[in-house]
1. What does the structure give for A:204-212 when I average, per residue, the other chain Cβ atoms found within 10 Å of the residue Cβ?
2. Within a 10 angstrom radius of the beta carbon, how do A:105, B:213, B:223 rank from fewest other beta carbons to most?
3. For peptide A:126-136, what's the mean number of Cβ atoms from other chains within 10 Å of each residue's Cβ?
4. Given labels modelled 7 Å from the Cα in the Cβ direction, how far is it in nm from residue B:32 to residue A:65?
5. When only Cα pairs under 8 Å and 6 or more residues apart are kept, what is the percent relative contact order across region B:85-316?
6. Rounded to the nearest 500, what is the 222 nm mean residue ellipticity of chain B from helices alone, with -39500 (n - 2.57) per DSSP H run of 4+ residues and division by all residues?
7. Give me the percent relative contact order of region A:21-74, please, defined on Cα pairs under 8 angstrom at least 6 residues apart.
8. Evaluate the relative contact order of region A:29-142 (contact order divided by residue number), counting alpha-carbon pairs under 8 angstrom at least 6 apart; express in whole percent.
């Protein structure tokens, strides 16, 4: 009897131990993940607070979570500057154009090369896949763009980015996962390949289209290096990210002090009324403006991430 | 049984082995629309990805832009020898490898740890929230990220200096971005900050594929959570870890051009200049096309060789592989 009781007691004690162990384990996990969340959000939060704070007041420092002297002034100044407005138009238009064209071209190519009966499918696919590992490098790439006459033209943002091979593989894998019967029945009804692609396949692959549209749009919106290489001497073609980059670089090169970079950049735009706009305020406001579109689109497409990532990870 | 290979061309009902060359051409003739939908883009890729390879000739010439191709003087491997006798290039090579290895190693360890932690969270709401927040920085440009990093590390009002001062760990603010010994750390942790959430996706995906019976069996055998992680979760995602390692082997000399380029300044150039920045400097600012192209070729050839090597190693040890 006693033995059984002892056994039971030690069993209960062990169970209690694991329960305590479990909650300590959970606590540690929550602390670490909580730190991750705070460390991710804080820099934005702080930047938003500074961008909504009076410029001169921000120079005193000490703004952390909330603005001290709330104002929309920094954003008003920003949008009154021609340079920023022009850059915004360039960024928005190139993002939309590049995304629409790239989605159209990439999905069409993916459809054609997903047809098993297409007899030159294999060699064409091989050429495409190998190109992912081929990288001629910066200088030869630049020479090509120059020889094509694209340097200093708006089209340099669009033409080199029509087809992305990673996206192509993603969409093609998705199409291959669809039942053949869709295509076959359409064919029996006399539809040609293009009609099948546009009317049957397109609506079926919306999740993968959402994925590649997101990737392309984010890439287009975020790019500044193409502006730097091909259009830095054409202020009309400067994108928002490029303008932000040059402002940040200027302030960093002046020994990381909050130098006059922001107001210099603004003064460069004609007819600006720079009153209380200070560099730190302007920098923060541009950073938020350049981030906002992503923050808005992001929740809409988030549910497709995992689908896209797992498909993208499938072996060739 | 219907032959899947030519189910579209209903006219062709011969056994596959009997299809002659001539027949192939006639099938191709019927697939004009498919050709029209694919071939132009393949030619496009050839133009933009393969044709620039011709530019590699510049690395073996004393290239002058105003001369035609046939008039260029050939110099053999002169630029390659010069590269390796130059201290600046060797330093760039060292920096590239160091930053790559640090970022990759930190990136792996943190992503796997965070994925394991997320996998242990039972409340779906909390898990979803942490994931949503941590994926976000992946979609920001390096311009924005380096801007935020510069703010966090700022001498005047940066949160890092404020916290360390408040804790009494330092007496006066540190100029983090002006001291050489901190730069590689900053690069590594900035990479982690931007990508850790995103990098967990692939591991979390692999974890959902682990058979729940294994955990139940371990539970019955009296395994705690740590032992379950060690003996079930980690072995379960091992193939994924290896595939990701092979893929990153091909990028060791890339070292993420943008981040060091945007964070560098005159004071720390010795530790910040990578091969890409070297190519940019010599190719564009100083117009030394031959030298810059040679550096680019070296980088890309080494990357491909490392990728193949890693793939072979994985193959030999009987592990999952990429190609």
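1. On the way: counts 0, 0, 0, 0, 0, 0, 0, 0, 0.
Shielding by partners across A:204-212 averages 0.
2. Numbers: A:105 20, B:213 8, B:223 16.
With the sparsest Cβ surroundings first, the list reads B:213, B:223, A:105.
3. Working: counts 0, 6, 6, 1, 3, 6, 3, 8, 7, 12, 13.
Mean partner-chain Cβ count within 10 Å for A:126-136: 6.
4. With each label point 7 Å from Cα toward Cβ, the separation is 7.0 nm.
5. 30
6. Working: 15 runs with 200 residues, N = 323.
Using -39500 (n - 2.57) per qualifying helix, the result is -19500 deg cm²/dmol.
7. On the way: 37 pairs, mean separation 16.8, N = 54.
The value is 31 percent.
8. Numbers: 46 pairs, mean separation 15.4, N = 114.
Relative contact order for region A:29-142 comes out at 14 percent.
The numbers here are math on the coordinates, done by the rules we state, and not lab data. Quantities reported herein were computed from a predicted structural model and do not represent experimental measurements. Heads up, the Cβs are rebuilt from the backbone with ideal geometry, glycines too, and the neighbour counts pull from every protein chain shown.
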